[in-house]
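I have placed the structure first, in the form of structure tokens, so that the comments after it can refer back to it.
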Amino acid sequence: MSDTALPKKLIRASRTTKSSFVLPSDTNTHGTLFGGKLMAYIDDIAAITASKHARSAVVTASADSIDFLSPIREGEVVSLESYVSWTHNTSMEVFVKIVAENVLTGKKKVCATSFLTFVALNEDGKPSKVPEAIPETKEEKYVHDGGYERMIARKARRKNSEKMASEFGSFS
């Protein structure tokens, strides 16, 4: 890892969007989007976002949270918007906002939010430094301002997961 300072990047440079109709094959017995399908969409867009910010290969370090706020129904359009919300050395926190839209009425609602963490990799597959993310909008500043506290919580959660894995890692 190099100690050379990288130029800072505006958060908007990593902003990524993706939309898709919710088809019958995407839904569960309630006629709503499978949670696992949405999770795959979230990881995919977040990886693209992190790669755009770092301009390198990335790996998912953690899916920090996915808060399902309301169902996304068959026939609606699900849109995901993501951006790198905070950075620390080699890691990037990515925020994803998920919106459902009824295309017939135009009504939109935020259905879920998610935070994931990615690590940038160099050509040798080792962690590499990432540019600092600079917020501009009210939303970006709000999300960015909580980044340090979320990192501390992630580290504590990971430490607990490592302890559980070492104590209860084998199958009975």
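FYI, it's all coordinate maths here, none of it is from the lab. Here the structure is a predicted model, which means the values were calculated and not measured. Don't worry about glycine lacking a Cβ; one is built from the backbone with ideal geometry, like all the others, and counts go over all protein chains shown.
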Farthest toward positive dipole pole in the chain [+1 Lys/Arg, -1 Asp/Glu at C-beta], among S65, L10, V119:
L10
Could you give P(r) for the stretch 69-127, binned at 5 Å from zero, as whole percent values over all Cα-Cα pairs?
4, 17, 20, 15, 13, 9, 9, 7, 4, 1, 0
For A156 and L104, calculate 0.36 nm times their separation in residues minus their Cα-Cα distance, and state this gained length in nm to one decimal.
14.2 nm
Could you give each residue of the stretch 122-133 its phi-based ³J(HN,Hα) in whole Hz, using Karplus coefficients 6.51, -1.76, 1.60 with θ = phi - 60°, and x for Gly or Pro?
8, 4, 8, x, 9, x, 10, 4, 10, x, 5, 8
Enter the per residue convex hull volume of the chain, computed from alpha-carbon coordinates, in Å³ rounded to the nearest integer.
152 Å³
Can you pull out the chymotrypsin sites (Phe, Trp or Tyr not before Pro) in the stretch 69-172 whose DSSP state is coil and whose Cβ has at most 10 other Cβ atoms within 10 Å?
F171
Could you name the lysines whose alpha carbon sits less than 28 Å from that of K141, not counting residues in the same chain fewer than 8 places away?
K8, K9, K18, K52, K97, K107, K108, K109, K129, K155
Computed lengthening from S170 to K126, 0.36 nm per intervening residue step minus Cα-Cα distance
13.0 nm
